[in-house]
1. Within the range 146-160, identify whether any single residue is farther than 20 Å from TYR272 by Cα and within 15 Å of ligand 1 (Cβ to nearest atom), and answer yes or no.
2. As an exercise: evaluate TYR419 against (1) under 16 Å from CYS147 (Cα atoms); (2) crowded, with 19+ Cβ neighbours inside 10 Å and give the number of the one condition it does not meet.
3. Give the residues of the range 58-68 that are within 17 Å of LEU39 (Cβ to Cβ) and crowded, with 22+ Cβ neighbours inside 10 Å, sorted by residue number.
4. Only one of these conditions is not met by GLN239: (1) crowded, with 20+ Cβ neighbours inside 10 Å; (2) closer than 27 Å to ALA153 by Cα. Which number is it?
5. Given the conditions (1) touching a residue at least 60 places away in the same chain (Cβ under 8 Å); (2) buried (at least 19 other Cβ atoms within 10 Å of the Cβ), which single one is not true for ARG135?
6. Go over the candidates ASP222, ASP217, ASP228, ASP204 one by one and state the one that is touching a residue at least 24 places away in the same chain (Cβ under 8 Å) and surrounded by fewer than 15 Cβ atoms within 10 Å (Cβ to Cβ).
7. Six or more apart or on different chains, Cβ atoms under 6 Å: show the pairs whose first residue is in the range 95-112 and more than 8 Å from ligand 1 (Cβ to nearest atom) and whose second is polar (S, T, N, Q) and not in a strand (DSSP E or B).
Amino acid sequence: MNVPDPLAHQAAAGPRWRPAPLLRALGPAFGTLLAPSPLPAVHWVGRSDALAAELGLGSWLASDSALQLLAGNALPPQGDLLASVYSGHQFGQWAGQLGDGRALQLGEIDTPAGAMELQLKGAGLTPYSRMGDGRAVLRSSIREFLCSEAMHALGIPTTRALSVIGSPALVRRETVETAAVVARTAPSFIRFGHFEHFAHTAQDTVALQALVDAVIDSFYPDCRAAPDPLLALLTAVSQRTARLMADWQAVGFCHGVMNTDNMSILGLTIDYGPFGFLDAFDPMHICNHTDQQGRYAFARQPSVAFWNLHALAHGLLPLMPGDQDAAVQAMKDAMEPFKPEFASAMQVRMRAKLGLATAQDGDADLADDLLRLMAQDRVDHTIAWRALARFSMEDGADNAAVRDWFVDRAGFDAWAQRYHSRLQAEASVDAERRARMDRVNPKFVLRNHLAETAITAARGGDFSETQRLLQVLQAPYDEHPDAPAAYAALPPDWAHHLEVSCSS
Ligand code: AMP
Ligand code: MG
């Protein structure tokens, strides 16, 4: 007998739209309602069934109605989409008004994971497109899709990606490429730049206050009870941002364009452009070819985040009553927890990466000295950390699995002796430690050349590599014995010539 699945209908029915999405409810000062620009001959490039399941969208994601909606070729029930307006600092300079130049909010949906905003990136021109064409290319869309899902699987707060849809429509960048649309989700895509916009560009303190209130009520309800909710919000955002920076630094993720319009008020990784994971460890690695000064070099990310928080604070300043000097000081004090939060988050992550079960003096030096050796020898960041879990305390163990990655063997041996004593001091057990370390040091990250291989295949109409890579990246701590060896290996020689720029 066939028993009908009571949830099947709901899953196939698609998103359950919320009647009053946050930014829409705030009113016309926050953006423009418009229709997306349809694309011809749209087709699936990639879908995250894992995300669809989490959102309760189930089998709907495979349907033609999903394809049309997520391509921007069909309208959601309310009949139009929202492009929101924001401003921001780019590469340290005030850039004035920006806004969703090619991202359109489809709406908010009720999901088992809470209310989620659904956004289409690349769905056509908006009033904020400036010189752009409102489109995204297949290349950068596949990168955003894969990396969003990879970061989530690494345990790092991020916007998610439900799908990439391709079209033969041509888009001009340095060369002519084809268009794509990424459907991405997050509880909110509000950026530091939204606040800066109402403070500096619109100079509308009523709207600014409304935005702050909505963000507190929806995402930081604890701040409402604080003596000064605005300062409490600034502290909470500083702490979330600090933890995000520790996540990035620990895994070797370089964002590439940490402009204030690319900083999430929820402390999410947002706007994947010229990002990169470190291969050979170089603290001053610059992943964005456009960033010639290295403003957003890997090691600078935490201090840039702190700078960006100051820009956010400046955007909140019009809401501070009374003497301005006192207000500025109060805001500086409110952001101060960024530093201890980052330091302690970093310590927790580095101890875990080293497999230490207890906290002892000198742990930070032990981690720093290993990183120094890795930097000196340009050791591969992901491989070295993963290999360290194979370190054995047994007498006579040669530990070649990790030692051989270092050129300076004597330097490594001296460090390994300290590591060995440190492990002995907490009676560490090889097998237990290895299992713990393998849950925090990923075997697989989205190296540029892996994305490039998937992109090249996709350009030729073969999307299987995108899906295969996605499946491995969705479980980056597992061994995946059947995955291609190249996924976890050193980058090939051709990868050294890959350049990733802001062009997307
Ligand atoms: P990004 O550096 O990609 O975060 O983009 C900075 C700003 O430029 C944002 O306001 C984007 O919406 C806008 N933008 C980037 N590329 C395009 C494009 N092709 N068409 C329209 N706007 C764009
Ligand atoms: Mg952006």
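The values are calculated or read from the model by the stated rules, or taken from the named source; none is laboratory data. Since we're looking at a predicted model, the values are computed, not measured. Every residue, glycine as well, gets a Cβ built from its backbone with ideal geometry; the counts of neighbours run over all protein chains shown.
1. Taking every residue of the range 146-160 in turn, none turns out to be farther than 20 Å from TYR272 by Cα and within 15 Å of ligand 1 (Cβ to nearest atom).
2. (1)
3. ALA66
4. Result: GLN239 passes all but (1).
5. Here ARG135 clears every test but (1).
6. Result: ASP228 is the single residue among ASP222, ASP217, ASP228, ASP204 that is touching a residue at least 24 places away in the same chain (Cβ under 8 Å) and surrounded by fewer than 15 Cβ atoms within 10 Å (Cβ to Cβ).
7. Cβ pairs passing all conditions: GLN97/THR201.
So that you can scan it fast, the table gives a plain yes or no per residue for (1) in the same structural domain as LEU104 (by TED's automatic domain parsing); (2) in contact with a Phe, Trp or Tyr (Cβ under 7 Å, 6 or more places away or on another chain); (3) outside any strand (DSSP E or B); (4) more than 21 Å from MET320 (Cβ to Cβ):
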{"residue": "ASP213", "(1), (2), (3), (4)": "yes, no, yes, no"}
{"residue": "SER218", "(1), (2), (3), (4)": "yes, no, yes, yes"}
{"residue": "LEU233", "(1), (2), (3), (4)": "yes, yes, yes, no"}
{"residue": "VAL237", "(1), (2), (3), (4)": "yes, no, yes, no"}
